[in-house]
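The values are calculated or read from the model by the stated rules, or taken from the named source; none is laboratory data. Just so it is clear, the model here is predicted, and its values are computed rather than measured. With ideal geometry, Cβ positions are generated from the backbone for all residues, glycine too; neighbour counts draw on all protein chains shown. All accessible areas refer to the heavy atoms of the entire protein, side chains included, with ligands and DNA or RNA removed. Shrake-Rupley method; radii C 1.70, N 1.55, O 1.52, S 1.80 Å.
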Amino acid sequence: MMLISSNKQNRLLALQALVSTTLAAHPGWIFRPQTSGIASGGLNNYPIPYNLSTSQTNHDPASTGSSFWSSSLIHGSNGRDYLVVSHAIAGAGGTSVNIYRASLLDLDDTSQYSQYARIAESAETYGSTGILNFTTSDYAFRATSETDALSSIRTYSQVAGLEYDLTFDLSSPPLLNAGTGTFRVAGRSGFQWSMPAGKTRGWLSVNGTKVDIDTDRSLTWYDRQWGALPNNFTWWQVHIPGQRSDGTEDDLYSIWAWHDVVNGDKAFATRRTGEQAEQSVVPVDWKVSSNRTFTSAATGIVYPLDWTIAVPGGPELELSSIRPDQEMQGAGIPLLSYTGLLDVVATYPGGRKVPAFAVIEKI
């Protein structure tokens, strides 16, 4: 029998406790990129009313005045997990105002959080070839190619205290919201497609230290939206890992809920399975599920922090914010939202429970 010194034993016990705590904190947060490609899985069989590539350019007038949004779930070289949200808005609210926003949350220590929202006094939205190139003096959200709008996107922030440089490939089949990537909002047409699990590389800065991205254990959800947008809405991106026997197929959901004064209240989920473009659209029932709230000191808005969503024929989702304050806002900025990470338990018919995760955007 080998005897271990008390100091070594204490260090071993401390390490075991740390590992146990880390695993227990987020047992279902498996960040797995997909690599089959954005045009795979039968995408061309869908009657999409626009071209995905053209929607990344200024060649389609309907695509201007719109939103480019990403949430990157990152496993760092330091062994910790992070959420980075990046958002560029050209012509916010139908005006000539351009806005850029970003946030960074340490998922292992949620007290470590930073965010900002700014007006771009001078921002180029499209490059010389017409492809996405939203660039300011301290931020960018732009295609890496001047000829291929659907290859990869680079977003970076050089704002002190919130610095990162991420490039993600559009390597996952798209999720076409509402089935074909278009829906009616207050009597007008809105457009949205998502790329839910792109391969991601780069780095972020944590307390002044550069942390590299573990590409095999990180992913980015990219959301492209333009046209009509609800004034007040709640939207969730939901990842339920490992729904195939070998643990490699995920259930992915884009879930919308909003009050529509013209067409009636809406609540629906678009589901995409695995690395195929197999999609389904179903109505959902949802509710705020607790009295837990966060009141913003900056804006006075009260945000709920827990929700339940019932998906017909699928799981019931219990979603809870992992940090009360995940509001993205800035002084004088005409856009604010509650945007952050949620812990999720998905309960399937028969009682099987699967740990999962989600990102919420509530305006």
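The helix-only estimate of mean residue ellipticity at 222 nm for the chain, built from DSSP H runs of length n ≥ 4 each weighted as -39500 (n - 2.57), is -2000 deg cm²/dmol after division by the residue total.
Along the Cα-to-Cβ line of Thr215, 7 Å from the Cα, sits a label point; which residues in segment 169-185 have backbone N less than 18 Å from it? Hits in segment 169-185 for Thr215 at 18 Å: 169-173. When each of the peptides 107-119, 44-56 is scored by how many other beta carbons lie within 10 Å of its residues on average, the order from highest to lowest is 107-119, 44-56. Any chance you could check the Cα centroid distance between segment 322-363 and segment 168-230 for me, in angstrom? Taking the Cα centre of each part, segment 322-363 and segment 168-230 sit 15 Å apart. Of all lysines in the structure, the ones whose alpha carbon falls short of 21 Å from that of Lys210, not counting any fewer than 8 places away in one chain, are Lys199.
Could you tell me the accessible area of His259 in Å² (1.4 Å probe, neighbours in place), rounded to the nearest ten? Near enough 120 Å² of accessible area. Measuring nothing but how far apart in sequence close Cα pairs (under 8 Å, 6+ apart) lie, relative to its length, the chain scores a relative contact order of 15 percent. Size estimate for segment 239-349 follows the Kirkwood approach: the inverse of mean 1/r over distinct Cα pairs works out to 15.9 Å. Shape index of segment 316-363: Rg/Rh, with Rg the Cα radius of gyration and Rh the Kirkwood radius from the inverse mean 1/r over Cα pairs, equals 1.17.
For segment 151-294, the Stokes-Einstein estimate of translational diffusion at 20 °C and a viscosity of 1.002 mPa s comes to 125 µm²/s, using the Kirkwood hydrodynamic radius over alpha-carbon pairs.
Angle of helix 6-25 to the longest C-alpha principal axis of the chain, folded into 0 to 90 degrees and rounded to 10: 30°.
Note on the chain: Rg/Rh from Cα positions, Kirkwood definition for Rh, rounded to two decimals, is 0.97.
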